[in-house]
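First up is the structure itself, then whatever we jot down about it.
We did not get these values from a lab; they are worked out from the coordinates using the rules stated. No experiment lies behind these values; they were computed from the predicted model shown. Because the Cβ atoms are built from the backbone with ideal geometry, glycine has one as well, and the counts that use them run over all protein chains shown.
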Amino acid sequence: MEMEFPVHGLMPKQETEASNFVKKHATWDGRGIIVAILDTGVDPGAAGLQKTSDGKRKLLDVIDCCGSGDVVLSEPLKVDGEMKVEGLAGYRLRLNRQWNIKDGLVRVGLKRAFELYPKSLIKRLVEDRKKKTEVDHVSYCGKVLEEISEMKRKNSDLSKMNQEEIIRYNDLNTRLDILKELNKEEDVGPLIDVVVFNDGSRWRAAVDISGTGDFTNSKAYADYSLEHEYGTFSKDDCLNYSIKFYDNGNVLSIVTNAGSHGTHVAGIVGAYFEDNLELNGVAPGCQMISLKIGETRLGSMETGTGFSRAIKAIADYECDLVNISYGEAPNVPNKGHIVELLKELSLKKNVVIVSSAGNGGPALSTVGAPGGTSDTIIGVGAYVTPAMMKAEYALVDKINETSYTWSSRGPTADGDVGVSVYAPGAAITSVPTWTLQPNQLMNGTSMSSPNACGCLSLIISGLKHEKINYTPMSIKRAIENTSKAINDEFKVGLIQVEKSFEYLVKTRSFVDSDVDFQIEISETKGRGVYIRNCREANKVNQYTVNVNPVFRNDEDNNKKYQLDVKMAITSSEPWVTVPEYLQINNGGRNFNIIVDARNIKEGLNFCQVEGFDVSSPWRGPLFKVLITVCKPIQPKESNQFSCLFNNLKLKSGDIQRYFIECPLNCSYADIDLKAENVEKTTKFVIHTLQILPETRYSNSEDQFYVNIGPNEVFKKRIIVQPGVVMEATVAPFWSSGLTSEISFNVSFGGLSPNSKFILSQANNFAKFEMSSLNKSIASPSGSFDCYNKTLKPSEYSINVLSERDNLITGKAMNELVLTYKFKVANSCSITPSVPLFNDYLYDSPFNSVVSILFDKNKKYLTFGDIYPKKTKVDPGQYIFKLQLRHESFEFLESFSNLVLNVSFTLSKEVPIECYKSLPDLINKTKFGSATVKPEYPISLFIGTLVEDLNDEVQPGDFLSGSIYLEKKQDARPKPFPVQLYLSCPVKKADKSISMKPSDDKNEFDKLNESLLESKISALSKLSEDQFKEIISNLREKESSSPVFLLALLKRLDNAENRKNEPLKIVNAADKIISSIDASALTEHFGIKKQSFDKEFVKRNAEFNKLKDYLVESLVRKARSQISISVEEVSKTLKELGKWVDVAEHSDALVPFVWVERQNKRYGNAIKAINKCISAVKSKESSDLIPLEKELYELRLEVLEQLGWKALADNERRWNVLRFPKEFMGF
């Protein structure tokens, strides 16, 4: 039986006339066109992306615009005669003798591989590596268990083991605990050694991922743009990389992709398969540059930095087209620094920009930035055809072609249509080699955008061949006016290549063909009229429409002068009245329209006001004004708080929209969906959305995909904003098949407060009122789960960035770097944020806002952006660096004192105490519950006397949490945010009276003590002669005091003396030890503390001092005895053990660990080291405790002694990353 696969459906081109166009014009297949792919990066080794249809190189350049691949390089190092040089990981690098190294100088670098790898690849590699290390882990545990079993075999009664055996047995069990903990540690992954040199003509870089430093057979790559070569890290990862240099070789960028998305997008635009032409992308003749804007450190989220650098590269390469399959919901449409840069690129450099509209549908106003909200960009929606369904989705049911349910819809918040055209929104095409597959199915407007971009590549390729001029404006008008009708609510059509090309050919002689007639509504400053509230929808409204011609920036004045168009104005609906004619020239014009929505139907109403050239109406509209009225449902009764919609018959592609004004005093809506007549389980999407001023739609929406069978009911409670219109949309998923009959119900309820819950500790309480939409049961409860500190920067700097960051005008970019320092006392999660920047990306006035969190050793922890990120941290000191970019120095300087908010999770949540009245609050009678009737608010009192919080919570901080006004049941009530500002200490006052030691010394004695303390504190800083002079002038009593003897001991206790003359230190320590009456100390500390006994308090302070002197002397003595014998150290530690727990005491770590290692009790040694590491992270080290770096190195030595190689290797790699010499760059 012969079978033929519908290959043409894998890469849809017939539906858009792209196939026919290329058949008729084989050389207009994108040849001569350069397309910039702004995405996660394109794999230069992916299938179909090696060359064009006419044999040229497909990828002209591969650039990481984010900076995630930047490598910090050393100063130039001289290569020795053996072709070796010292690397940054602690071993020597062996270089390739075939390299031509100019002047024998190289620079070395080090990069953690997982900082370059895509998230999904890291997941695969970690799983693979875990399988290997698990074998080692089982082996290590097995050996320890064998020793434990042997001890049990020899000692059937463990209680009869001698002291030595007990210590050994406990050590073995400690090893097992340590193995369990180490097995949970994060896999650091490979470290990449880097060598950079100049070969006399260009810069080159070589990488080695083996961890051995062996470059003897490594290839050194030049900048990809020069030689178009790339490498692969290893057979395990199969990740291809390329090299990029900046600033005359001072900056090296290792370029990888942050995900498979960008390669797939590039495959749709222009993949070329010489042996299988049906799999070609839409424009196989085009060339591309890969511009990675997806920041690997953010999991592929885009940044302003990435966009800004990408825009410069687009201008440098004189690209014809840009595809942006990226986007975020904006707070404000068509505004922001990045949006303005994209407009400038389009108008100054004649670049056509295509972008995905978003996957936020089916509700209205879900288009994202920049694609759906910026007027110089072609926003593309996603469409699916029968051929795609057949080849890509393997569907059982036959379904009519339609736009995808999830494709974002307009209008924008300022009234623009949002989506310019639709294009096929799925394909099976190339993906990176690290995915271990040649191609993959992906769908989304991320796929429709490159399909449209490929179509435009064909059109512009033909225009260039025919030497026909065009502009982004003329291209956009052509594809909009010739698109195929697809039953879209806003009459947006499917892109058609042949018709668009013919349109451009026929209209090329018109003066206005390259002019964009931009619209602004005077009353709203919007680009259209958008009404979705009861008041505006039930009256007559008049608007002034301003039509402003926009030319390319380099357009000559003569053409501007010649613009003179006589237009006919039409309205597609009778409820919008417009003038008949308008004459317009370069000065622009305005006219009035009247929108009378009083008698139109409830729901979505759409009208287009269009302007046609009366001399050539066949060209279609030269401008459009979108009028959208979403008329809310009018309640039949004033107390009606539910809407029931019965007998809704919906098939695939249908979308049922309802607009409902949420009643005042409501806090939630209950959504019910019931399948009345459904033959099989069917997938539906329920989407609710409210539009709030200057707030991204994603902050006020709920979306549910549900599978529902015959007579089944889906119920969900959602949180709503009272008094704001909500769109409630229900639709069968696009692939659902048969017609379904459903009922859909929306009902409102809940309690709401009269104001925000912002409390002050200074007032002792706060009073609020709770109102109800309908009869409700109030049962308020809540808790504070975080405390927040506001910090000012400890330092700031403003710097001019390098040429890499210049704007396309040549103007330099500046950065403001703010540094904040803070301490974490307990393990918790922290969230640093600057609320001023939260959620603003494309619409931000800054070029970029990013941040990095470091520990006190400069170790990189997390990379941040406009979305505050919660990070788990251990106790210690932390450094937070925030980078703001802008071209204006003065603008940046005005933010140099910017406040940072750091939120810390509380170790234990603090309940919010709620009461019905002030007497109840005083008597601590909790609220319980109460009935709240409509129009009869009740009071809520909240106490603010919080006590016993974490020690680090200070006056000036504030607590944050949530309060619920109703009981938490199956249906979620609305949580209201609550903040409590602290004005005084939060520790509970001590019931007892604290007694300070009495001070009965005379002024002369006090002066002598003060002078002695000054002399002693200076001893360590004095020269030998100065030291002797001080000693000779001391009185006998002073020279024999423990405090003075301890100062002498500290002066003697240095590394040289400990090694060569340890007895000097021992003798000095013994002097102090013998001067202290240990029996008196023992007797004193055996007495229960009497806080009211004045004499006891005085003695206690003195004895505490003596104990401290004794402990420190014993520690220093034990440390010096390491050079003598293990027996002597053990003896001293035994004495020390009478006063402190030696294994827990950080100061005693060095001698304790040394003894344990000598006795092969490695478990005890590592346990002590781990505790000491935790201690030094959260406090400043004394001279008795090794530095944090030394502790980690000590732990590594013990792991190696244990023979735990895999764990030691991971520790060694971590040690390299824990203590970098410099902060990671942005």
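Structure values in brief
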item: Angle between the chain longest axis and helix 1094-1120 axis [Cα atoms, degrees, rounded to 10]; result: 90
item: For the range 429-586: relative contact order, % (alpha-carbon pairs under 8 angstrom, 6 or more apart); result: 14
item: Set of lysines with alpha-carbon distance to Lys154 below 21 Å, sequence-local pairs under 8 removed; result: Lys143, Lys1160
item: Cubic angstrom per residue, convex hull over Cα atoms of the range 98-221; result: 159
item: Label-to-label distance, nm, for residues given as Cys984 and Asp1077 (7 Å Cα→Cβ offset); result: 4.5
item: √(5λ) per eigenvalue of the Cα gyration tensor, the range 642-749, largest first, Å; result: 25, 14, 11
item: Computed FRET value (nearest 0.05) for Lys716 with Lys856, which takes r as the C-beta separation and R₀ as 60 Å; result: 0.80
item: Computed FRET value (nearest 0.05) for Asn96 with Leu226, which takes r as the C-beta separation and R₀ as 25 Å; result: 0.80
item: The range 1-46-the range 546-599 distance, computed between alpha-carbon centres (Å); result: 38
item: The range 290-372: chymotrypsin sites (Phe, Trp or Tyr not before Pro) in DSSP coil with no more than 10 other Cβ atoms inside 10 Å; result: none
item: Two-site FRET efficiency, Glu147 against Asp80, from Cβ-Cβ distance with R₀ of 45 Å, rounded to 0.05; result: 0.45
item: Set of aspartates and glutamates with alpha-carbon distance to Lys916 below 13 Å, sequence-local pairs under 8 removed; result: Glu769
item: Extension gain (nm, one decimal) between Val1140 and Asn217, 0.36 nm per residue minus Cα-Cα; result: 326.6 nm
item: DSSP-loop GluC sites (Glu not before Pro) across the range 242-334, with at most 15 other Cβ within 10 angstrom; result: Glu274, Glu318
item: Where labels lie 7 Å past Cα in the beta-carbon direction, separation of Gln437 and Lys506 in nm; result: 4.4
item: Cα-centred dipole magnitude for the range 1093-1226, charges only on beta-carbon of K, R (+1) and D, E (-1), debye, nearest 20; result: 160
item: Net lengthening on full extension, Asn1170/Glu1102 (0.36 nm per residue, minus Cα-Cα); result: 21.2 nm
item: Where the Cα pairs of the range 491-604 fall when distances are cut into 10 Å bins, in %; result: 11, 32, 32, 19, 5
item: Leading residue at positive end of dipole, the chain (Cβ point charges), from Ser833, Thr256, Thr133; result: Thr133
item: Inter-part distance where the range 876-925 and the range 726-771 are each reduced to a Cα centre, Å; result: 26
item: [x] 332; [y] 259; [z] 240, with the label sought being that of the calculated volume of the Cα convex hull per residue in Å³; result: [y]
item: 0 to 90° range, to nearest 10: angle between helix 445-465 axis and the chain longest Cα axis; result: 60
item: Under 5 Å, built H, 5+ apart or other chain: amide partners of Tyr383; result: Tyr404, Ala423, Gly425
item: Enclosed volume per residue, in Å³, of the convex hull spanned by Cα atoms of the range 18-115; result: 176
item: Hypothetical label at Leu176: residues of the range 113-141 whose amide nitrogen lies under 15 Å (7 Å Cα-Cβ projection); result: 138-141
item: Non-local Lys pairs in the range 541-631, i.e. 8 or more apart or on different chains, that have alpha carbons under 27 Å apart; result: 5
item: Near-label residues of the range 227-261 by backbone N, under 15 Å of a point 7 Å along Cα→Cβ of Ser201; result: 227-229
item: Gain in span if fully extended, Asn1159 to Val614, counting 0.36 nm per residue against the direct Cα distance; result: 186.2 nm
item: The chain: angle of helix 119-154 to the longest principal axis, Cα-based, in degrees nearest 10; result: 30
item: Phi to ³J(HN,Hα) by Karplus 6.51 cos²θ - 1.76 cosθ + 1.60 over the range 549-558, Hz, x for Gly, Pro; result: x, 10, 9, 4, 4, 9, 5, 6, 5, 4
item: Table column - 3J(HN,Hα) (Hz), the range 297-305, Karplus curve with 6.51, -1.76, 1.60, x for Gly and Pro; result: 5, 10, x, 4, 5, 7, 10, x, 4
item: Rel. contact order, % - alpha carbon contacts under 8 angstrom, at least six apart, the range 296-440; result: 21
item: Gap separating the Cα centres of the range 497-514 and the range 1140-1178, nearest whole Å; result: 80
item: Under 17 Å from the Cα of Lys506 - lysines, other chains or at least 8 residues apart; result: Lys464, Lys467, Lys476
item: Inter-label distance for Glu573 and Leu1187, nm, one decimal - labels placed 7 Å from Cα along Cα-to-Cβ; result: 7.2
item: Debye log10 I(q)/I(0) for the range 541-631, one point scatterer per Cα, at q = 0.11, 0.12, 0.25 Å⁻¹; result: -0.37, -0.44, -1.28
